[in-house]
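The values are calculated or read from the model by the stated rules, or taken from the named source; none is laboratory data. What you are looking at is a predicted structure, and each value in this text was computed from that prediction instead of being measured. Cβ coordinates were reconstructed from backbone atoms using ideal geometry, including for glycine residues, and neighbour counts include every protein chain displayed.
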Protein chains: 2
Amino acid sequence: MKEFSIEKPIPYYEQFYHSIKKMIFDGTYKPGERIVETQLAKQFGVSKSPVREAIRLLEKEGLVVVDDKSRVMVYEPTLKDVEDIYYCRMALESFAVSLTVALASDKELNEIKTALEEAERAIQRGAEASEIIALNAKFHRFIVQFTKNKRLQKQVDDLKSLTQFYRILHFQDQNRASIILREHQQIFGHIRSRNKEKASQEMITHLEHDLAHITQVLQQMT
Amino acid sequence: MKEFSIEKPIPYYEQFYHSIKKMIFDGTYKPGERIVETQLAKQFGVSKSPVREAIRLLEKEGLVVVDDKSRVMVYEPTLKDVEDIYYCRMALESFAVSLTVALASDKELNEIKTALEEAERAIQRGAEASEIIALNAKFHRFIVQFTKNKRLQKQVDDLKSLTQFYRILHFQDQNRASIILREHQQIFGHIRSRNKEKASQEMITHLEHDLAHITQVLQQMT
DNA sequence: GATGATTTGTGCGTATGTATG
DNA sequence: GCATACATACGCACAAATCAT
């Protein structure tokens, strides 16, 4: 009997992978900004090897890009990239929702419902944007999760992370949260009545709106 | 005017990434087999750093997995994994084909047609399995390519590579090539008549058959 | 089993070459 | 042309796991 499990040390390169990713998400490193492995290594007080390996992971994930002179920069999607990513999400998440309609138990449907209700209350009491975003993400995540397809989950997660930085832009518009909630509720309605076609079509429509909104906001910025 | 462009040296880690990937695909390293970075470094006559970085790329791609003791092994998908991967492909490639129906020029449709005709001739003259496989891959690739969505292409390519090793299993069955060709022709028929729904449904059916066949062959092996 | 030898992965410091100003 | 900054790659040291005796 081992009462206490031995804590295995997590390799630096893995820790850095998460740290750098977090820094990209929270805006410490902004899209297009350069990442210098020498500086990171110094900053964390370690050698460059683990930093380089972490960067290779991020490179393959697409969150950083390496130019022809081996300089590393944070991924800055073009408008076309954002569109491409959203079209992939439409393909995967509309498929996911139709699978979930077929497979999800009543208990699981209730979890989705609860998330929607939480989101509704959060909006009503004027909660922080980050909290509402998290609850919205929960809705999407549940739907994919209930397909029981791990690969699908990974694909969707990776795609989302590529536009993660722009998430917050949604909420410059105050009504946006309510609109999103209403669309989520509509999708859920079709899931609960076990209507594959409508649920999956509604998911596509929802993502189209999301894309249109992001596109609009991005164009205003430039 | 620079008549001769300077060839920039490709970093070792990138070269190794491709080399190792090739070795996985051609069976030099088999699924589940261990990959030892020390040996690879010695074999190629370099230090371990670039080998490690190449492995990080492959790790993120999913072609190798790292266990809890940091040992690296070639990815060996379970039956459930193969199913999950194929369901993702159904989502992405059925979406792709409906986009291609909408977007592809007549010239592009002709390229698909040519690939199918080449495949037909290759089968008739009893060509090598590898050649027929390549032509089949061309068919699928064209369809995704003509969506002009680079991200979609990448997603599909990455998914395919995860079951790449099992490709060859198809052709233990002699009729298999003809069946695949017929299904491809059917899909193409719907593309040419610009019928989104049928084309995309036929693509799903085709991939379902492919999955069923691989599943069957894999079960016979064990 | 216990113990020493070997293999292997982790991480560091340094040298070298290349681009930048 | 020179100095600086940076990425690439190497060899070494250390630790953990594995194997042999």
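Can you pull out the residues in the range B:49-82 that are more than 16 Å from DNA strand D (Cβ to nearest atom) and either polar (S, T, N, Q) or surrounded by 16 or more Cβ atoms within 10 Å (Cβ to Cβ) (or both)?
B:59, B:60, B:61, B:62, B:63, B:64, B:74, B:75, B:77, B:78, B:81, B:82
If residue A:170 meets every condition in (1) surrounded by fewer than 18 Cβ atoms within 10 Å (Cβ to Cβ); (2) modelled with pLDDT under 95 apart from one, which number is that one?
That leaves (1) as the condition not met.
Would you pick out the residues in the range B:66-80 that are more than 9 Å from DNA strand C (Cβ to nearest atom) and touching a helix residue (DSSP H, G or I) at 6+ places or on another chain (Cβ under 7 Å)?
If the condition is that a residue be more than 9 Å from DNA strand C (Cβ to nearest atom) and touching a helix residue (DSSP H, G or I) at 6+ places or on another chain (Cβ under 7 Å), then B:74, B:75, B:77, B:79 are the ones that fit.
Given the criteria under 21 Å from the mean Cα position of the chain (by Cα), part of a helix (DSSP H, G or I), within 12 Å of another protein chain (Cβ to nearest Cβ) and within 16 Å of DNA strand D (Cβ to nearest atom), does residue B:85 qualify?
Considered against the rule, which asks whether it is under 21 Å from the mean Cα position of the chain (by Cα), part of a helix (DSSP H, G or I), within 12 Å of another protein chain (Cβ to nearest Cβ) and within 16 Å of DNA strand D (Cβ to nearest atom), residue B:85 comes out as no.
Here are the criteria: (1) more than 16 Å from DNA strand D (Cβ to nearest atom); (2) away from every other protein chain (no Cβ under 14 Å); (3) closer than 30 Å to residue A:36 by Cα. Tell me which single one residue A:108 does not satisfy.
With respect to (1) more than 16 Å from DNA strand D (Cβ to nearest atom); (2) away from every other protein chain (no Cβ under 14 Å); (3) closer than 30 Å to residue A:36 by Cα, residue A:108 is out only on (3).
Would you check if residue A:59 is within 9 Å of DNA strand C (Cβ to nearest atom) and under 14 Å from residue B:57 (Cβ atoms)?
Criteria not met by residue A:59.
Can you name the condition, by its number, that residue A:148 falls short on among (1) part of a loop (DSSP other than H, G, I, E, B); (2) touching a Leu at 6+ places or on another chain (Cβ under 6 Å)?
Just one mismatch for residue A:148, condition (2).
Which condition number does residue A:168 fail, the rest of (1) over 15 Å from residue A:89 (Cβ atoms); (2) not in a helix (DSSP H, G or I) being met?
Single failed check for residue A:168: (2).
Each row is one residue, and each column tells you yes or no for (1) assigned to a helix (DSSP H, G or I); (2) closer than 12 Å to residue B:90 by Cα; (3) outside the structural domain of residue B:143 (by TED's automatic domain parsing).
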| site | (1), (2), (3) |
| --- | --- |
| B:180 | yes, no, no |
| B:187 | yes, no, no |
| B:191 | yes, no, no |
| B:194 | no, no, no |
| B:198 | yes, no, no |
| B:202 | yes, yes, no |
| B:205 | yes, yes, no |
| B:208 | yes, yes, no |
| B:215 | yes, no, no |
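So residue B:32 fits all but one of (1) surrounded by 14 or more Cβ atoms within 10 Å (Cβ to Cβ); (2) within 16 Å of DNA strand D (Cβ to nearest atom); (3) closer than 26 Å to residue B:129 by Cα; what number is the exception?
For residue B:32, the exception is condition (1).
Between B:69, B:30, which is outside any strand (DSSP E or B) and more than 12 Å from every other protein chain (Cβ to nearest Cβ)?
B:30
In this structure, does residue B:75 turn out to be in contact with a strand residue (DSSP E or B) (Cβ under 7 Å, 6 or more places away or on another chain), aromatic (Phe, Trp, Tyr) and in contact (Cβ under 8 Å) with a residue 60 or more places away in the chain?
So residue B:75 fits the description; yes.
Looking at this structure, is residue A:14 assigned to a helix (DSSP H, G or I), in contact with a His (Cβ under 8 Å, 6 or more places away or on another chain), within 11 Å of chain B (Cβ to nearest Cβ) and surrounded by 14 or more Cβ atoms within 10 Å (Cβ to Cβ)?
Spelling it out, it is not the case that residue A:14 is assigned to a helix (DSSP H, G or I), in contact with a His (Cβ under 8 Å, 6 or more places away or on another chain), within 11 Å of chain B (Cβ to nearest Cβ) and surrounded by 14 or more Cβ atoms within 10 Å (Cβ to Cβ).
Would you check which residues across the range A:33-66 are over 17 Å from residue A:12 (Cβ atoms) and in a loop (DSSP other than H, G, I, E, B) and list them?
Selection gives A:33, A:36, A:62, A:63.
Within the range A:184-215, work out how many residues are more than 30 Å from residue A:74 (Cβ to Cβ) and either surrounded by fewer than 19 Cβ atoms within 10 Å (Cβ to Cβ) or of a type in the set (S, T, N, Q) (or both).
13
For residues that are acidic (Asp, Glu) and touching a residue at least 40 places away in the same chain (Cβ under 8 Å), tally how many sit in the range A:43-72.
Result for the range A:43-72: 2.
Please enumerate the residues belonging to the range A:35-46 that are more than 14 Å from chain B (Cβ to nearest Cβ) and within 12 Å of DNA strand D (Cβ to nearest atom).
Within the range A:35-46, A:35, A:36, A:38, A:39, A:40, A:42, A:43 qualify.
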